[in-house]
Amino acid sequence: MSVSDPKLPCVLLTNDDGIDAPGLGVLEAVAAELAHEVWVVAPEHDQSGTSHSISLHSPLRVSRRGERRFGVMGTPGDCVVMAVRQLMGDVTPSLVLSGINRGGNLGVETMFSGTVGAAMTGVLLGLPSIALSQTFRDRERVRWDTARALAPDTIRRLARVSHDAPICLNVNFPDIDASAAGPLTITRQGVGLVQGIDVVPQIDPRGIDYHWLRFNRGPRENGPDTETAVVNSGRVSVTPLHFERTDERTFARLQAALEAV
């Protein structure tokens, strides 16, 4: 974006809730305000929890859903790769936008999120990327109007910030009316709300066992500068993420222990 032309040349949209998800529809409306050209390449079906995964052992089938709009039988990461390396041809997006996710991506949950995984795949391909999520307390009453109202200015502000290298920004909108939302606030990841992962056994109509996995969420200690605390206070959070996950304290402890042998 520049002063002479406030619009981006081209943006790529994807998500993990599927190409027909309402959050993607909201993001398409937002992107139409922000960019001259909008491409949508998203999973045909819900791919929540697929993280950064890409399909190495199965073919990817693509369906055309309209002009510059494609569904992919694959993961969110697959969609970004297919878009940038195949479907968009010589066009390079100025920005990858992933979302708007139905539910927050907070703390360690970002490690499992397909929404964040798609954005991180964009970074791997050398593209600045933003993951966007709308938190909720009642899953039947997601405040898409809040995301619709707050996302344009949020994306404009973040797109203007220069970085030494492509970076993934994780944005979460609070579950309140947009008029009551606090300012965009830089945050740390923190631990979030996930306390563990549960297995829920079931029996199908033929008497055969099957199982569901689900996150066990609840209160955890999150500092005041974490995305969970900031979103819970009614502000919009943005956390810069990167691939480097080395724990420096353990690194130093292991180094000292191994050198002492």
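Assorted remarks:
- From its DSSP helices (H runs of at least four residues, each -39,500 (n - 2.57)), the chain gives a residue-normalised ellipticity at 222 nm of -7500 deg cm²/dmol.
- Theoretical FRET efficiency, 1/(1+(r/R0)^6), r = Cβ-Cβ of Met73 and Ala256, R0 45 Å, to 0.05: 0.35
- P(r) tail fraction, segment 3-47 - alpha-carbon pairs more than 17 Å apart, %: 34
- Cα centroid separation, segment 142-166 to segment 167-222: 21 Å.
- Only alpha carbons enter this Debye calculation for the chain, each as an equal point scatterer, and the log10 of I(q)/I(0) it gives at q = 0.12 Å⁻¹ is -0.72.
- The label-point distance for Leu60 and Val91, in a model that sets each label 7 Å from Cα toward Cβ, rounds to 1.7 nm.
- Considering only Phe215, Ala229, Gln189, the residue lying farthest towards the positive end of the dipole of segment 139-259 is Ala229, judged by Cα position with unit charges set on Cβ.
- Backbone N within segment 212-233 under 13 Å of label point (7 Å from Arg137 Cα along the Cβ vector): 232-233
- Average projection area in nm² (convex hull over Cα atoms of segment 105-229, one quarter of hull surface): 10.2
- For segment 179-261, the fraction of alpha-carbon pairs in successive 5 Å shells from zero, as %: 3, 12, 12, 11, 13, 12, 11, 10, 8, 6, 2, 1, 0
- Of the trypsin sites (Lys or Arg not before Pro) in segment 23-111, the ones in a loop by DSSP (not H, G, I, E or B) with at most 14 other beta carbons within 10 Å are Arg61.
- Judged by the mean number of other Cβ atoms found within 10 Å, the most tightly packed of the peptides 234-244, 120-130 leads the ranking 120-130, 234-244.
- The gain in end-to-end length when the Arg157 to Gln202 segment is fully stretched comes to 11.5 nm, 0.36 nm per residue minus the alpha carbon separation.
Read-outs throughout are calculated quantities, based only on the coordinates presented, and are distinct from any laboratory measurement. Predicted model, so just to flag it, every value in this text is computed and none were measured. Neighbour counts run over all protein chains shown; Cβ positions are idealised from the backbone, glycine included.
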